[in-house]
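Some notes on the structure that comes next.
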Amino acid sequence: MKKYWKVTATIIITVLSFGIFYMNVAMSAEHFPELVIQTKTGDKEEIRDIVLEGSYTDISSNNYLSSRFKLTADGSEYNNRSFLSEIIGQPDTRIKELQEEYRSFMRGKIPSETFFTENSEFLAYARADYKIDSLRSSDFTFEVSVLNKSNNSTNSFTIQVPVSEELDHIYVEEVQMIEEELHIITQNSMRNGHDYTNENHIYTVDLKEQKISEHETILQVASGHDDIQVDSHLIRRSASGAAEQLLLVKSEYEIIEDVESHRLEQLNKELISYNLVTKEKEEINLPDTLNLEENEIRFFDGSSVYFVNKEGHVTPYNLAEEQTGEAFDLQLSFEPDQQPPMITVKDEKLYAVNVSNTAQNNPGIVVADVQTGDTLYDGEIVLKGDSSESAGDYELYIYEIVVR
């Protein structure tokens with residue numbers, strides 16, 4: 001029996017570790033504050049379909065551990081902090097809904113909304129995979145799966161990424177399905193000897209033939225010089241439905257070295273449009289009132305771009321008509337150097353919420369009519385009842401707003 005004492009001791013320690021972990025979780029869960037959306041003006045029905053996802057950090061205890069929560073008109077719910085969820089995390093609201101509705105199709109897929117697209121006929125998934133050896137990444141492939149909702153059939157296959165011998169890294173930024181063609185939009189790091197470039201690519205997949213029918217580089221960004229940083233990114237838009245048009249922002253910064261750190265000073269920004277159907281690319285010439293130095297693009301609904309500055313001034317810009325819409329101000333309070341609010345647009349309504357807040361400044365939430373600019377709802381996120389009395393210093397960070 002002596003030779004088994006190490007195994008027995010290991011099992012006992014493991015069991016005790018799990019027990020202590022769950023006891024700590026249970027004890028800490030009792031101290032999670034209850035968050036509510038408190039109405040200031042307007043009809044609370046306007047926020048009935050909103051889900052806010054964020055994190056709560058108790059900074060008074062000096063441990064700075066964050067707890068994820070979901071907040072609706074009915075109150076807050078903290079994620080089940082099981083041992084497994086602590087390791088793999090919890091899926092976002094939209095992914096959780098897909099997992100409940102299409103349980104079989106969603107099984108085994110990475111729970112990131114980026115890899116999915118859905119319309120009335122199909123639910124499609126695509127992600128990039130590769131092998132890592134001692135020297136570099138290799139054998140780049142796309143894993144593709146499409147569910148036909150009408151007959152519940154699934155078309156799944158793996159295809160090789162073209163020109164993968166020049167790839168150093170690939171990341172899927174968005175998946176689109178238009179006219180039964182699947183488009184995979186990626187951010188690629190390309191290698192040519194000792195030189196690297198970052199590129200935005202589009203791969204069009206023929207689902208019947210299970211092959212890539214078209215492949216195009218839509219934007220190429222050189223690595224820049226030692227004191228210059230250049231990058232590009234897709235503009236955030238609604239995950240539901242399809243948009244023929246993609247928007248990308250190309251930014252150029254100068255790296256300024258200070259005594260103990262460095263900072264970035266913006267030199268130039270370009271807004272670039274790409275049409276998935278016509279394959280046309282063009283730079284968008286914005287009016288002077290919408291310069292990208294003072295305004296951030298916070299949302300794209302497929303036809304209009306929504307610019308927001310740090311004071312909460314919103315200006316819609318219709319791409320097809322090349323015209324600015326009725327500008328309006330969000331009834332939100334802002335601290336110095338605070339990020340512009342997170343917004344989303346659905347059914348001609350704009351939903352906005354402060355991103356980062358402290359105990360001294362409750363996060364605001366606003367619903368506005370995008371046509372008139374009228375505020376339909378104005379509220380704030382507060383700690384309910386006893387929670388506010390017992391809470392010390394804390395921070396709230398909102399990282400997603402979903403309208404169901």
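Below is a table of values for the structure above.
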| read-out | value |
| --- | --- |
| Theoretical gain in end-to-end length, Asn155 to Glu216 [0.36 nm per residue, Cα-Cα removed] | 19.5 nm |
| Difference of contour (0.36 nm per residue) and Cα-Cα distance, Glu101 to Glu260 | 52.0 nm |
| Nearest-20 debye value, segment 33-403 charge dipole, Cβ charges on Lys, Arg, Asp, Glu | 1400 debye |
| Geometric extent, Cα atoms of segment 33-403 - Rg, Dmax (angstrom) | 22.1, 64 |
| Formal net charge of residues neighbouring Phe105 (Cβ-Cβ distance under 12 Å; K, R +1; D, E -1) | +1 |
| Fraction in percent of alpha-carbon pairs per bin - 5 Å, segment 180-336 | 2, 7, 14, 17, 17, 16, 12, 8, 4, 2, 1, 0 |
| Sites Glu283 and Ile59 - FRET efficiency at Förster radius 35 Å, r taken between beta-carbons, to 0.05 | 0.20 |
| Computed lengthening from Asp139 to Asp369, 0.36 nm per intervening residue step minus Cα-Cα distance | 77.9 nm |
| For Leu219, distant residues with modelled amide H under 5 Å away | Asn200 |
| Too-long pairs where the Cα-Cα distance tops 26 Å, listed order kept, from Lys40/Lys269; Lys211/Lys281; Lys131/Lys279; Lys96/Lys250; Lys281/Lys349; Lys269/Lys349 | Lys40/Lys269; Lys131/Lys279; Lys96/Lys250; Lys281/Lys349; Lys269/Lys349 |
| Approximate spin-label separation Lys269-Asp227, in nm, with each point projected 7 Å along Cα-to-Cβ | 2.4 nm |
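Coordinate-derived values only; no laboratory data. Owing to the predicted nature of the structure, the values given are computational and were not obtained by experimental measurement. Here the Cβ is made from the backbone with ideal geometry for all residues, glycine too, and neighbour counts use every protein chain on show.
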